[in-house]
Amino acid sequence: MILPPLAALAAVLVLGMLLRMPIGFSMLMSGVAYLITKGQDLGLVAEQVSNGLYNSYVLLAVPLFVFAANLMNAGTVSERIFDFCRILVGRMRGGLAQVDILVSVIFSGMSGSAIADAAGPGLVTIRQMLKKPEYSRGFAAAVVVASATLGPIIPPSIPMVIYALVSGASVGALFLGGVVPGLLMTLLMMGAVHIIATQRNMPREDPIPMHAWPGILFRGALPLSMPIVLLGGIYSGAFTPTEAAAMAALHALILSTVVYRALTWRSFWGVVMESTRASAVITIILAGSFILNYAFTAEQVPQHMAAWVDSMHLSRIQFLLMVNVMFLVLGCFLDVSVLLLVFVPMLLPAVNALGIDLVHFGVLVVLNMMIGLIHPPFGMLLFVTKALTGIPIGEIMREGWLFLGLLLGLLLALTFFPQLVLWLPQTMGYAGVAA
């Protein structure tokens, strides 16, 4: 019996994942299985991949932002930001945990990656917290894992760049749309830490002598200029979002080499190799997604999805709630890139039919995926933090449920009140165009 083409695609994709094949290769193999079952020319794989990769200028932003984040981690920028934030919030109860959240806010404006946030400044603050008995291992890791989700929400954001690729939404508007939600996430996390720290009588940080303030503030404030330069340049028309990614990489390189003098030729080569590996992984997933999207388009899956949603007579809110549940479940098992590149295009016709704003939908989708990164059983940030620190996932989650609950509450608020996302982009001139 010959399998229907989409069934063959799904079977090979699931089999590859069960065999722990890299997801990008599983996607490519499933695309090949679809074409064989369909009786089509296998050359379509190369055609779809080439057209997708080489006809998208915005894709250049992804490896450039990856390179910028790795430069920041290797160039002691994390430590400089840490000292800067100690002056601002270190004297609060549970000061080190508050410092970690503020560090994540600043680092988010440079990296656009949750994993880079956890592996860079997150690791610095965990080590500092574990030196003091008042901070449990689980609490220290839970704060770092939760605050790392700020990376792709506060601009710039690698997932938002990928979402813009598949949806046609404005990258600049998406970046602005993440600002208010990111600040709300920050306030909620800092409020939760304050309550827990007060209950457990966690320590305040020792005061830093006043004479040391100018140097620490100057060195720490330099990275703060990056998000200002990026968003200012995009909205002034000085450069495109892709060129902004190149500026971010240049900014990080100058800070790490000229200003901080913390990068040797050997460590720079290590940054280049690590950035190349990470970019290659993303590129392979992108290549696989293009052939899958060709298959879904040929089989009219998005149109069937839109018709199915229309048959249920869902309102905008009901549809968004359904999407939230879907991505929260899928986010526990699948990579962020796969969700963005495979599942989002299937939903866009329904988004179009319901008149949902692309920027609002994009920010909701990315926040969903960030929650998936910290949600058991397979949250990627949980595994990254465990690998870096040795702290068991069970300990992290015992302390992390409050942060997870707060993020879910914010997700609901953004779902019901789109202006929390759209106010800043509209203030800056974004008109709002549906998919």
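If you scan region 136-150, which residues turn out to be among the hydroxyl-bearing types (Ser, Thr, Tyr) and touching a Lys or Arg at 6+ places or on another chain (Cβ under 9 Å)?
Answer for region 136-150, where residues must be among the hydroxyl-bearing types (Ser, Thr, Tyr) and touching a Lys or Arg at 6+ places or on another chain (Cβ under 9 Å): just Ser136.
Would you pick out the residues in region 19-45 that are under 29 Å from the mean Cα position of the chain (by Cα), part of a helix (DSSP H, G or I), among the aliphatic types (A, V, I, L, M) and modelled with pLDDT of 80 or more?
Result: Met27, Leu28, Met29.
Any chance region 380-387 includes a residue that's crowded, with 18+ Cβ neighbours inside 10 Å, of a type in the set (S, T, N, Q), out of contact with any Ser or Thr (no Cβ under 8 Å at 6 or more places or on another chain) and at pLDDT below 85?
There is at least one residue in region 380-387 that is crowded, with 18+ Cβ neighbours inside 10 Å, of a type in the set (S, T, N, Q), out of contact with any Ser or Thr (no Cβ under 8 Å at 6 or more places or on another chain) and at pLDDT below 85.
Go through (1) under 16 Å from the mean Cα position of the chain (by Cα); (2) open to solvent by 10 Å² or more (accessible area, probe 1.4 Å) one by one and return the number of the condition Asp357 breaks.
Single failed check for Asp357: (1).
This table checks each residue for (1) of a type in the set (S, T, N, Q); (2) touching a Cys at 6+ places or on another chain (Cβ under 6 Å); (3) farther than 22 Å from Leu382 by Cα; (4) touching a residue at least 12 places away in the same chain (Cβ under 8 Å).
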site	(1), (2), (3), (4)
Val143	no, no, no, yes
Ala148	no, no, no, yes
Ile154	no, no, no, yes
Ser157	yes, no, no, yes
Ser167	yes, no, yes, yes
Phe175	no, no, yes, yes
Pro181	no, no, yes, yes
Leu188	no, no, no, yes
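Please find, within region 325-354, the residue that is farthest from Gly16 (Cα to Cα) out of those that are crowded, with 22+ Cβ neighbours inside 10 Å and touching a Phe, Trp or Tyr at 6+ places or on another chain (Cβ under 6 Å).
Checking each candidate, the answer is Val351.
Which one of these does Ala280 not meet: (1) more than 28 Å from Ser50 (Cα to Cα); (2) at pLDDT 75 or above?
The number of the failed condition is (1).
All but one of (1) closer than 25 Å to Glu47 by Cβ; (2) crowded, with 22+ Cβ neighbours inside 10 Å hold for Val365, so report the exception by its number.
That leaves (1) as the condition not met.
Could you tell me whether Ala307 is farther than 20 Å from Ala69 by Cα, out of contact with any Pro (no Cβ under 6 Å at 6 or more places or on another chain), touching a residue at least 12 places away in the same chain (Cβ under 8 Å) and open to solvent by less than 70 Å² (accessible area, probe 1.4 Å)?
Considered against the rule, which asks whether it is farther than 20 Å from Ala69 by Cα, out of contact with any Pro (no Cβ under 6 Å at 6 or more places or on another chain), touching a residue at least 12 places away in the same chain (Cβ under 8 Å) and open to solvent by less than 70 Å² (accessible area, probe 1.4 Å), Ala307 comes out as no.
Glu79 passes all but one of (1) modelled with pLDDT under 75; (2) open to solvent by less than 60 Å² (accessible area, probe 1.4 Å); (3) under 30 Å from Arg204 (Cα atoms); which number fails?
Every listed condition holds for Glu79 apart from (2).
Just checking, how many residues over region 57-68 are at pLDDT 75 or above and either buried (at least 22 other Cβ atoms within 10 Å of the Cβ) or hydroxyl-bearing (Ser, Thr, Tyr) (or both)?
Final tally of qualifying residues: 7.
For Leu347, state whether it is assigned to a helix (DSSP H, G or I), of a type in the set (A, V, I, L, M, F, W, C) and more than 19 Å from Asp117 (Cβ to Cβ).
Yes: the conditions hold for Leu347.
Quick check on region 392-400. Is at least one of its residues in a helix (DSSP H, G or I), of a type in the set (A, V, I, L, M, F, W, C), closer than 25 Å to Ala142 by Cβ and open to solvent by 40 Å² or more (accessible area, probe 1.4 Å)?
No - not one qualifying residue is present in region 392-400.
The values are calculated or read from the model by the stated rules, or taken from the named source; none is laboratory data. None of the values given here were measured: they were computed from a predicted structure. Because the Cβ atoms are built from the backbone with ideal geometry, glycine has one as well, and the counts that use them run over all protein chains shown. With ligands, DNA and RNA removed, areas are computed over all heavy atoms of the protein, side chains included. Shrake-Rupley method; radii C 1.70, N 1.55, O 1.52, S 1.80 Å.
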